[in-house]
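In what follows, a single structure is set out as structure tokens and then discussed.
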Amino acid sequence: MVALNQDELRSRVEDDFDRVVELLSDKVALKSVSAQGITGAHMRRSADFVADELRKVGVQAKVVQSSNPDGTPGAFEVIGSKTVDDHAPTVLLYAHHDVQPVPDASAWDTDPFVATEVDGRLYGRGSADDGGGIAIHSGALHALGGDLKVNVKVFIEGEEEMGSPSFIPFIEAHREEFASDVIIVADSGNWSAQIPSLTTSLRGNTDVDVNVKVLDHPVHSGQFGGPILDANTVAAMLIASMYADDGSLRIPGLLGGDPVGGLQRDLDEAGVRGDAGTVGSYRLAGNGSLASRLWTKPSISVIGFDAHPVEGSFNVISPETTFRLSIRTAPQQRPEEAQRAVTDFLTAHAPFGAEVKVSAIDAGMGWSMDPDAPATKGALAAMQEAFGVAPVNKGEGGSIPFIPELQRIFPQAQVLVTGPEDPKANAHSPNESISLSALKNNIITEALILEKLAH
Ligand SMILES: [Zn+2]
């Protein structure tokens, strides 16, 4: 067997690249919007198309309809495999074939369902998220062809943009078909079109509702205002008590850490301010690197608050109120543990002895990669070779719920989170696009990762 170097793989990928772009363009035209019905004929067509494309690169692929937890028919999933050697490592390649809706096509500069190349980027809904992931897997398997030295399994999901409701039962029902040493999730992205990244961590997400009660009925603010604080004010004091003066959280037991795998480059403050649209006078809260504040330290936001609207308000002391906290947890912390820490803190800090009740709503675990795993090191080396520059690791402040679930179901597997997106990709927004030069380098990267895993 040939030992494939970067030059050989690059020329194979170059020769095949028109096919990959055509695949991606055909995929965009399929309008596989899962929000319009995961069991619809358009989703079946999309799954069939992906299965056909996988067969073209030597994967035995089939379309399987999953079952929802309530037993009703679920998404059209594509699963497949290519076995080369029973003794070789097995790699599971993940992407999803459903795409985000297009609520307003007029917000786009091009037709969202006609792939259009402008200045080296291919525009269209799903061109990056996650048609790009499918294109990477297809391109890498084509480049390796008969020289593939690891066993490959493939899972192309049909309902990721809907929150993957049947994901866990589906994976558990197909445990054998997905069992692998390494899982490559090509549904994230790079630092930029020129600088590659592994996604190193995801924060967890958990909500709690907090009820604050001062009185058993409303009373007149003139008659009782002074010794009796209204429930909204007490709730505001309670919320404020969670923060130190610099705006960092001061809740014992709520964990935070440094960026996983080390911080090669911090986020740019002007960029973060611009993306968020902060008013000019606003000072960013917290301390430490901006990356740690966004990726690996916890944050709490009040996302709902039951108070009387200003319009129609009158002179009454509000007896009780409820607010909802969205807690973004450090990648390694169990969300139930974070909920407990917040609950203990809030009940212990009830201002003026008000009644404070905290109820947990839901809890999604975060995830962090293993920076010392051989697959991680191999992937970073592959990125450096393919892109010609050192990779810059990046975390995600948000969550991709199925990744921790995959890791939970396959605890031994090394999970690599890669992908074709970059800051200009506009996934989930109008004018979604993919950088074609980065796509090419992503394909070479994945081929090199698979090549390195064999040794
Ligand atoms: Zn995606």
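A few notes on this one:
- When the Cα gyration tensor is reduced to axis lengths a ≥ b ≥ c, the ratio a/c is 1.5 or higher for the range 407-455, and with a/b not above b/c it is classed as oblate.
- Förster radius 30 Å - calculated FRET efficiency between Gln384 and Lys424, Cβ distance, rounded to 0.05: 0.85
- Cα centroid of the range 226-303 to Cα centroid of the range 134-208, whole Å: 31
- Cross-link check: pairs Lys62/Lys377; Lys153/Lys440; Lys149/Lys440 evaluated at a Cα-Cα cut-off of 26 Å; pairs beyond the cut-off: Lys62/Lys377.
- Going by accessible surface with a 1.4 Å probe and the largest first, Lys213, Lys153, Lys62, Lys357 read Lys357, Lys62, Lys213, Lys153.
- Percent antiparallel among DSSP beta bridges (both partners in the chain, rounded to 5): 70
- Residue-normalised accessible area of the chain, expressed per residue, 1.4 Å probe, Å²: 43
- Rounded accessible area of Asp344 (nearest 10 Å², 1.4 Å probe): 90
- Residues whose amide H falls under 5 Å from that of Val415, counting only those 5 or more places apart or on a different chain, are Ile183, Asp370, with hydrogens built in the peptide plane.
- Within the accessible area of the range 327-409 (1.4 Å probe), percent carbon and sulfur: 52
- Area of Glu159 that stays accessible when all protein chains are in place (1.4 Å probe, Å², to 10): 0
- Listed residues Tyr123, Tyr243 arranged by accessible area, highest first, probe 1.4 Å: Tyr243, Tyr123
- Furthest towards positive pole of dipole, His142, Gly226, Ile239, structure part the chain, Cβ charges: Gly226
- Once the Cα-Cα distance is subtracted from the 0.36 nm per residue extended length, the Ser241 to Tyr282 segment shows a gain of 12.7 nm.
- Partner aspartates and glutamates whose Cα lies under 17 Å from the Cα of Lys424, excluding those fewer than 8 positions away in the same chain, are identified as Asp109, Glu117, Asp119, Asp129, Asp130, Asp187, Asp268, Asp275, Glu396, Glu432.
- Note that the range 437-453 has calculated 3J(HN,Hα) couplings of 5, 5, 4, 4, 5, 5, 5, 4, 4, 5, 4, 5, 4, 5, 5, 5, 5 Hz, one per residue in order, obtained from phi through the Karplus relation 6.51 cos²θ - 1.76 cosθ + 1.60 (θ = phi - 60°); glycine and proline are x.
- Thr322 sits with roughly 40 Å² accessible to a 1.4 Å probe, with DNA, RNA and ligands left out of the calculation.
- Protein accessible area in the range 21-120, 1.4 Å probe - carbon and sulfur %: 47
- Exposure ranking of Phe49, Phe167 by accessible area [1.4 Å probe, largest first]: Phe49, Phe167
- Computed from the C-beta positions of Lys56 and Gln6 and an R0 of 22 Å, the FRET efficiency is 0.35 to the nearest 0.05.
- Surface composition of the range 171-303: carbon and sulfur atoms hold 52% of the protein heavy-atom accessible area at a 1.4 Å probe.
- C-alpha long axis of helix 374-387 to longest principal axis of the chain, angle in °: 70
- Structural descriptor for the range 384-449: relative contact order 32 percent, calculated from alpha carbon pairs under 8 angstrom and at least 6 residues apart.
- Each residue of the range 335-348 was assigned a 3J(HN,Hα) from its phi angle through the Karplus curve 6.51 cos²θ - 1.76 cosθ + 1.60 (θ = phi - 60°); the sequence is x, 5, 5, 5, 4, 5, 4, 5, 4, 4, 5, 5, 5, 6 Hz, with glycine and proline shown as x.
- The string of couplings for the range 61-78 from the Karplus curve (6.51, -1.76, 1.60, θ = phi - 60°) is 10, 8, 9, 10, 8, 7, 10, 6, x, 8, x, 6, x, x, 6, 8, 9, 10 Hz, one whole number per residue in order, with x for Gly and Pro.
The values are calculated or read from the model by the stated rules, or taken from the named source; none is laboratory data. For clarity, every value in this text was computed on a predicted model and none was experimentally measured. Reconstructed Cβ throughout: ideal geometry from the backbone, glycine too, with neighbour counts over all protein chains shown. Ligands, DNA and RNA are excluded from the accessible area calculation, which covers all protein heavy atoms including side chains. Shrake-Rupley method; radii C 1.70, N 1.55, O 1.52, S 1.80 Å.
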